[in-house]
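Taken together, the values in this text are just the output of simple stated rules run on the coordinates, not laboratory data. Being a predicted model, the structure only gives us computed values, none of them experimental. Ideal geometry is used to build each Cβ from the backbone, glycine not excepted, and the neighbour counts take in all protein chains shown.
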Amino acid sequence: MSRPRQGPDVGISSGIIMLLTVRAESAPLIDFLRTGLAPEGVRVRSIAPDAPAPIEGGALLTTDPEEPGRVPHLCAVLLLDRDTPPPKGRDAPPVLRMPFSLGALCDVLRAAGCHPLAGPNTLAAGELTLALDTGRVTRAYGILALHPQERYLLERLLRQPGRVLHRADIGPWCFDYEAPPRPGQIDVLVSRLRRRLDRNFERPMLHTMRGVGYVLHP
């Protein structure tokens, strides 16, 4: 399968993303994707289990209206268990290991040339910026080194600066769907991100709304 072209205009809104899995039972995966991506306007549909072997099923992600006769842009990602060897060859699709978080899924899709969420390639709030294609984070032009989970959380905050990100919305984007966060894990993750963002700065940007969630003030 040929790789999609790179560019800021390539995204889920311009086609279909196929997530293919060798697991026979993909219902929990479909439910996870449907629940997590619905607020982003992404439709999730099951792929029939009679797909060509050895593929057992998977999901289709799309925001496109269905138009008869239209050939959409297509991007495919192969979902594999941790101990399953990946396919070889130049035309092999990108691989994402299961289980995964929505943040990790978005990273793989961007690397494949499919921008999973609509919007600009760079998110910013005041002096803080995140380049989605490279993962580079800066505050006041200084580079901040973030762990992937911290970056996934920051992306969610930067998509709604000044508005509260509810605690319940953090888990799917930062933690594997088969291992939801244990009590206290979200607090630890937020504390880690706060240290990265606000250390060495007089004005804090990341604030806690007790009992509700967190907000990023530009």
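Looking at segment 106-154, which of its residues are within 23 Å of Ile17 (Cα to Cα) and among the aromatic types (Phe, Trp, Tyr)?
Across segment 106-154, the qualifying residue is only Tyr152.
Does Arg199 fit the bill of being closer than 18 Å to Val137 by Cα, without any contact (Cβ under 8 Å) to a residue 12 or more places away in the chain and surrounded by fewer than 13 Cβ atoms within 10 Å (Cβ to Cβ)?
Values: closer than 18 Å to Val137 by Cα: yes; without any contact (Cβ under 8 Å) to a residue 12 or more places away in the chain: yes; surrounded by fewer than 13 Cβ atoms within 10 Å (Cβ to Cβ): yes.
Considered against the rule, which asks whether it is closer than 18 Å to Val137 by Cα, without any contact (Cβ under 8 Å) to a residue 12 or more places away in the chain and surrounded by fewer than 13 Cβ atoms within 10 Å (Cβ to Cβ), Arg199 comes out as yes.
Filter segment 170-196 down to the residues that are under 21 Å from Ala125 (Cα atoms) and in contact (Cβ under 8 Å) with a residue 60 or more places away in the chain, then identify the one that is farthest from the chain's Cα centre (by Cα).
Cys174
Give me a count of the residues in segment 107-129 that are closer than 25 Å to Gly142 by Cβ and out of contact with any Lys or Arg (no Cβ under 7 Å at 6 or more places or on another chain).
Applying the first criterion (closer than 25 Å to Gly142 by Cβ) to segment 107-129 yields 107, 110, 119-129.
Then keep just the ones that are out of contact with any Lys or Arg (no Cβ under 7 Å at 6 or more places or on another chain); that gives 107, 110, 119-122, 124-126, 129.
Here the count works out to 10.
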